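Inspection log for the structure reproduced underneath, given as C-alpha cells.
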Amino acid sequence: MADTREAYPYVCLECGQKVNGNERYFLLHPLLACMYLEMDGKQVNVGEALQKSFEVGGIFGGPVLGVEEIKSFLWQSAEAPPIDMLTKIGYSMINVVRMIEMQLHLPENNLMLLIRYMVKHDEKKTGYERDFKTLVRELEWRRETDKKYVPYLKVAQRVQTAATPFLKQGTLGNREEREAVYYTFLDTLKKFCMADPAVQFMGSNGTMFEVDCTRIRKLYVGWIYTVSGLSGRKSPEKLYICTDPNGTNGGFECTESCCPHCHSRLSKVYGVYRQVTIGLLGGQSIGKTTFLAAFTDFVDTEVSTGAYRKLPFTLGYERPEEDRQWRKFLGIEESRNRISSPKWAYRHGFHVQKTDLGKDSAASLTFVVTPKDKEPVIYALADVAGEAFGNQSHVSAAAAAAASKSLLRHCDALFMGMSCDPEDLQVEAARYKEWMMDFPDKNIPAALLLTKAEMVFPGGNCVQYGGAVNLRRIQPVVEADTADGMRHAVYNLEAMSSLCRVAGECAETIAPGILANLTAMMREKGSLQAAGENIRLAVFPVSAGTAGYCDYYADEAQGERKESEGKKRYEKAKAERFGIAAPFLWLLALDGILSCGRGQDGLPGGENAQNRLAVLWGKELRCPQEE
Amino acid sequence: MLLGFITLLAVCLAVLGIYQSRSARLYANRMSGVLQMEVWFNGKTVEARKKAQESKKFYPRVSVGRYYILLPKEYRSAGGNADTVKMQDVFGKKKQAADILMGPLLAAYAGCYACSGFGQDIIFRYLTDCAGELAGKVRLQGMEQGKRFRLCGVEAMMSPEKPFVLSEQMDRLEKCAIYLPVPDGSVNDRFSEASEFHACGLEIGLRYFSDKADSGRRG
C-alpha cells in the first residue's frame, strides 16, 4: 500500500477529548490470560484474577510488558502472521508490574517498592500474613517515630492516587469501597509476585529483586494494523500474541480498543473515516433525547421509502453492539431497565426518560454516511444533558459536565434546541451566548431546532403558509434529474430555506432577538475576514410526534399495561412527526455530500447562469435570513 | 479655428462614447441571468388594510417562498414538461429584450413551487389562477439607461393603489418589489374557502443576478 496515511483524528464521545491518529488503547487481558501461576497447589490465571479489579492495557505501538520496542506491521490476511515478524519477549510478574506502572504513569519501581516492602515484612514475621490495608495504617503510625518510613508512605499515597480512577468499582463508588478494591488489587499483585518462580526478592544489598532467566516464559507479540480499502487510512487492529515458538498454533488476540484518555470502548470505525461531531445542546427537557430517538427511528424505517430511496449515499449505523453508547440507546445492555433505552420507549409509545447527568446516560450516537464511490464519513450526534452548563455542586455531575463541555469544544457543528412549548419557556434560550464563551474561535454551522413544534404548528399546519401547507408534506429531499442523466434525490433547497425563514419568525416570537443574538455571536466566533458572509445558521421546526405519549410509570399505575395502545401511539407519532431529518440533511448539503436543487428536470440556461445559480443556492444554504 | 474644430471633435467623440457605453449597458441589461422571485400574500397596500378593517378580516403578510428562476440567453424553449413553463412565453417576443410578462413568470414560479415538494396544492392553484388573470396584461420592462424596472399594463386594472413599489436604494436592474392586486374576486374567494386564509393580492419581490461571473453589482 503506497498511499497509507495515518488515521483521522477523532473525538471520544465519552470524555470529549480529541485523539490524534493511531493513538489507541488496547486491553491486554488475553495476554495476561496466557500466564498461569501455581498457588496453593492450583493453577491460577493471572489475567482472570486481575481483571476483577483492574484493566491492564497499553497504547498501540507502545511497550508491552515493559519491553519498549514492539514491532507493528500491516497484516490483513486471516492467517496468523509468521513468527519472524513478531517480537520475542520474555516475561515474568516483574514485567506485569512494570506495565501497570507505565499505564498509571508512575516512576519506575514505585509499585514494586511497595510489593517488596510487603514481602520482606511478611518474611520477618512468618505465619502472620498482613494485607496492604494494615500495612498502610502501620506506616502512618510509624512515621511519627521513624523517618525512614516516610518515603514508603509517600510512594503508597502516590500509587493510590494514580490507581484509584482506573479501578473497577460498582455503581455506588464511595471512598471505602474504592479503598477496598484498591487493597484487593495490591494484594493480588503481591500474591502473584510471590508465586512467580522467576522473581527472587533480594535482601538489602542494593538490588530490590532479581529475575531468574532460566525460568522466564517467552512470548511472541506484534501490533497489527489494517488499512481500510475505502479511505486508505491505517487503523490499529489488535495485538497478536503467539506462545508457541514454531508459530503454528497458540495465537491470541487483544482486539478491544479504547480511548486513551477515559479507557472506554471505541467503535472500530473511529479513525478509519473522517469524523464530524455534532453537538446537540439545549436546556433541560426540551426534547433532545426524544429527537435522537425519532431520528434513529427515521433511519430505521423511513430512509428506504419515498424520495429517500434515491439519496446518493447510505445512512445507517454500524455494529451497534460494539458501541457502548449505542448499546445504551438501543437497550442492548442487559443490566439496564428497558425504559431507560430511549429507542424502546419511543417505539412503545412512552415518554423517553429524562437524561440523568450523574449517571452519564447522555447518548452520543454515531451514524455512518457512505456516499457512492467516496469515503464514508462518521457523523456523531452528541446529546449533552441540559444541566451541563449550570453550576452544579454534585461531584460526578461536575465531571460529566466537564466531559460535555470538552465534547462541545471539539464540535464541528451545533444543533441548538429550543422548545416551542410555552410551559418550558425559555430560560435557556438566551443562554447560548453564555455557553459559547468557552468555545474556540471557529465558525461552525449551527442549526436552531424548534422542538415540540406541534405547539406552534398545530397538526403540522403552517399558519404562516396561509393554513394551506402542512409541514409534513415539505420533504427536505426531492427527486430530480442530475447532470449524469440519473434520477437522484437532492436537498430541496428553496422550499427548505423558505421554511427556515418561517421558522425563524416563529423563534423570534418565542424568544425575541434570539436570531440576531446568535448571528452576532457567530460573527464574533467566526474568522475576522468576511465572517458575515460565511455564517451558517438555519432554523428548523422539529416535531417527534410524541404529543400523545404517556409516562411509563403513569401507565403502569392504571393497572395492566396495554401493548397494543402503545403501538397505536407509536404509529400515530410516526405519521405525525415532521422535520426530523431536515437538520441532518442540511448539514450533509453543506458538506457537499448531498447536492442542492429543486425537483425539476434539467434547468434551462447557460453555463454561466447555472454557476450563478449554484452560488446563490450556496448563499441560501448558509444563511437564509435577509441581511 | 483649429482649436474650435478640435473642441467640436472632442465633443462629438464624447457624445459617441456616452452613446456607445449606454448601448453597451442596454445590451448588458438584457436578462440572461438568474431572477430571484419571492412572493408574499397581501403585500403592503393601504387599500388592503382598509378593506381588512372594514370586513374585519385578518390580512397578514405571508411569504410563500423564494425561488430562483433561470433566464435563458437565447430564449430557448425549456423542454416539453408540463411543469416547466416555456421560457419564450415568459420573455415575450425576441425583439423586446428586457420585457417580462408577469403572468407566465408567475406561472413559472408556481411550477417551481409545485416541483419542490408541495405538489399542486391550493396555493399552487391560486398562483396559477392569478397568473391567468395577469396573462397578456402586465409586463415588466427594463427602462432606458438600465435604471429601473417599469411595470406596464397595470393601469387598466382596478387599483387606486400605486402598483409599483420600489426600494429606492436600488438602481439598475437589481431589485424591485411589485404589488399586484388580483381583481377577480372569485379567485380570492375560492382560495379563502379552501384554506381559511384571506388573500387579496400578491406582493412580488424580484431581484436580478446577471450571469456574468463578476457582476454582483455592476458599476
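The values are calculated or read from the model by the stated rules, or taken from the named source; none is laboratory data. Because the structure is predicted, anything quoted here is derived from the model rather than measured. So basically every Cβ, Gly included, is an ideal-geometry build from the backbone, and we count neighbours across all protein chains shown.
Among the residues of segment A:201-239, which ones are closer than 21 Å to residue A:43 by Cβ and at pLDDT 75 or above?
Once the filter is applied, which keeps residues that are closer than 21 Å to residue A:43 by Cβ and at pLDDT 75 or above, segment A:201-239 yields A:216, A:217, A:218, A:219.
How many residues are closer than 19 Å to residue B:116 by Cβ and touching a Cys at 6+ places or on another chain (Cβ under 8 Å) when one looks only at segment A:500-521?
1
Residue by residue through segment A:71-115, note down the ones that are of a type in the set (Gly, Ala, Ser) and over 32 Å from the mean Cα position of the chain (by Cα).
Answer for segment A:71-115, where residues must be of a type in the set (Gly, Ala, Ser) and over 32 Å from the mean Cα position of the chain (by Cα): A:90, A:92.
Mind listing just one residue for me: the one in segment A:492-519 that is outside any helix (DSSP H, G or I) and touching a residue at least 12 places away in the same chain (Cβ under 8 Å) and, of those, farthest from residue A:308 (Cα to Cα)?
Filtering first and then ranking leaves A:511.
Among the numbered criteria (1) in contact with a helix residue (DSSP H, G or I) (Cβ under 7 Å, 6 or more places away or on another chain); (2) buried (at least 21 other Cβ atoms within 10 Å of the Cβ); (3) modelled with pLDDT of 80 or more, which single criterion is violated by residue A:37?
It is condition (2) that residue A:37 fails.
Looking at segment A:136-159, which of its residues are of a type outside the set (Val, Ile, Thr) and in a loop (DSSP other than H, G, I, E, B)?
Passing the criteria: A:143, A:144, A:146.
Looking at A:477, A:502, can you tell me which residue is more than 31 Å from the chain's Cα centre (by Cα) and at pLDDT 80 or above?
That would be A:502, the only listed residue that is more than 31 Å from the chain's Cα centre (by Cα) and at pLDDT 80 or above.
Only helices (runs of 4 or more DSSP H) wholly contained in segment B:55-139 count here; list those with 1 or more residues that are at pLDDT 70 or above and surrounded by fewer than 17 Cβ atoms within 10 Å (Cβ to Cβ).
The helices (runs of 4 or more DSSP H) meeting that bar are B:122-134.
Go through segment A:570-627 residue by residue and tally those that are buried (at least 20 other Cβ atoms within 10 Å of the Cβ), part of a helix (DSSP H, G or I) and at pLDDT 85 or above.
Of the residues in segment A:570-627, 10 are buried (at least 20 other Cβ atoms within 10 Å of the Cβ), part of a helix (DSSP H, G or I) and at pLDDT 85 or above.
If a residue counts only when it is of a type outside the set (A, V, I, L, M), which strands (runs of 3 or more DSSP E) contained entirely in segment A:1-110 have at least 3 such residues?
Passing ranges, in order: A:42-45, A:87-91.
Of all residues in segment A:149-164, how many are among the β-branched types (Val, Ile, Thr), without any contact (Cβ under 8 Å) to a residue 40 or more places away in the chain and under 15 Å from residue A:182 (Cα atoms)?
Adding up the residues that qualify gives 2.
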